[in-house]
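One structure below.
The values are calculated or read from the model by the stated rules, or taken from the named source; none is laboratory data. Keep in mind that what you see is a predicted model, and the values were worked out from it rather than measured. Cβ coordinates were reconstructed from backbone atoms using ideal geometry, including for glycine residues, and neighbour counts include every protein chain displayed.
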Amino acid sequence: MSPVIHFLLILAGVTVEFVVGGVAAWRTTRWSFEWLAWIERVCGGWEAWRGALAVVTIVGLPGLAVLLVSVLLHDFSAVLGHAFALAVFVLMLGPEDLAAEVDCHRLLLAGDGTRRPHYLHEGDALELGAASGDAEFDGGRAELAALALAAARAWYLPVFWFLVAGPVGAVVCRLVSNLRRAAGLDDDAMRLLADLREGLDYLPARLSVVALGLAGTLVPVLDAARAVGFLRWGRSRELVARAALAATDYGRVHEVIGGEPRLYRLNQMLALLRRGLVVWLLIIAVVALAA
């Protein structure tokens with residue numbers, strides 16, 4: 001499929017996600033872990049099934065299966081092929097409905113909620129704070145950073161990789177993202193999965209910085225990106241988190257967030273991330289038309 005077709009399918013998928021709604025009920029991360037458990041049962045007893053071979057098998061076979069189904073459907077009918085690609089893209093978003101998750105977070109901050117949103121369970125922002133020793137990712141700021149990282153996984157990454165590689169790219173991106181908490185593989189395989197995840201994150205994270213800067217406040221975002229190291233390998237998650245915080249703070253990145261302002265900043269962050277998605281769509285529209 002051409003980049004223009006990919007863009008039109010992305011536009012249709014985003015419309016389904018935000019206008020039609022209700023798709024999150026069909027999405028789950030369970031398939032990733034069930035696939036990993038099955039392939040480990042089948043191949044785990046082989047001595048050679050370690051490191052790179054394990055990663056290629058785990059990630060490559062689902063991508064190959066999606067490619068074959070897509071090719072067969074396109075050969076039979078272009079309409080069926082496009083419908084399959086659209087369905088795959090929509091299912092690879094999320095997996096949670098971020099708007100519903102933010103509603104849970106609002107209730108929690110107001111004292112009326114009992115369930116923590118999924119993006120707070122992930123602990124990505126707290127891990128970044130622990131790794132860097134930076135108090136910026138403590139408390140309310142960690143909540144905002146976690147939401148920004150969840151939006152990058154839910155929206156920005158699938159959009160980028162679907163544009164680049166169609167449904168295969170979206171499936172591989174989602175599988176690697178889901179398996180970031182996987183256990184049971186050997187150390188070499190886990191390191192390679194982490195490197196693959198960073199490789200899939202690398203370009204989208206840098207484009208997300210630009211999108212968040214254009215959607216928020218550009219100069220503070222660029223300052224934050226320069227402080228992290230815009231091109232440094234292994235800093236993609238931190239780059240997105242700091243860029244989002246800088247954009248929502250309008251440059252006041254060390255302002256303490258607590259009490260009622262936490263709810264205001266949460267709404268501000270969600271609005272920023274949605275504007276960032278609009279900028280993403282404009283960027284890929286230009287790329288698709290230029291191609």
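Could you tell me how many of the residues in region 42-70 are charged (D, E, K, R) and either within 21 Å of LEU196 (Cβ to Cβ) or assigned to a helix (DSSP H, G or I) (or both)?
Of the residues in that region, 1 qualify.
Is region 72-91 home to any residue that is outside any helix (DSSP H, G or I), touching a residue at least 60 places away in the same chain (Cβ under 8 Å) and buried (at least 18 other Cβ atoms within 10 Å of the Cβ)?
Scanning region 72-91 turns up no residue that is outside any helix (DSSP H, G or I), touching a residue at least 60 places away in the same chain (Cβ under 8 Å) and buried (at least 18 other Cβ atoms within 10 Å of the Cβ).
Is there any pair with a first residue in region 262-276 that is within 14 Å of ARG106 (Cα to Cα) and a second that is modelled with pLDDT under 90 and among the hydroxyl-bearing types (Ser, Thr, Tyr) whose Cβ atoms are under 7 Å apart and which are 6 or more apart or on different chains, and what are they?
So the pair list comes out as ARG265/THR248; GLN268/THR248; MET269/THR248.
Would region 106-122 turn up any residue that is at pLDDT 70 or above, at positive phi, crowded, with 22+ Cβ neighbours inside 10 Å and out of contact with any strand residue (DSSP E or B) (no Cβ under 8 Å at 6 or more places or on another chain)?
No, the conditions are met nowhere in region 106-122.
Within region 161-168, identify whether any single residue is closer than 23 Å to LEU245 by Cα, touching a Cys at 6+ places or on another chain (Cβ under 9 Å) and either among the charged types (D, E, K, R) or touching a residue at least 24 places away in the same chain (Cβ under 8 Å) (or both), and answer yes or no. Steps first, please.
Here is the first cut: in region 161-168, the residues closer than 23 Å to LEU245 by Cα are none.
Taking every residue of region 161-168 in turn, none turns out to be closer than 23 Å to LEU245 by Cα, touching a Cys at 6+ places or on another chain (Cβ under 9 Å) and either among the charged types (D, E, K, R) or touching a residue at least 24 places away in the same chain (Cβ under 8 Å) (or both).
Which residue pairs have Cβ atoms closer than 9 Å, lie 6 or more positions apart in sequence or on different chains, and pair a first residue in region 24-41 that is charged (D, E, K, R) and assigned to a loop (DSSP other than H, G, I, E, B) with a second residue that is at pLDDT 90 or above and surrounded by 15 or more Cβ atoms within 10 Å (Cβ to Cβ)?
Hits for this filter: ARG27/VAL90; ARG27/LEU91; ARG27/MET92; ARG27/LEU93.
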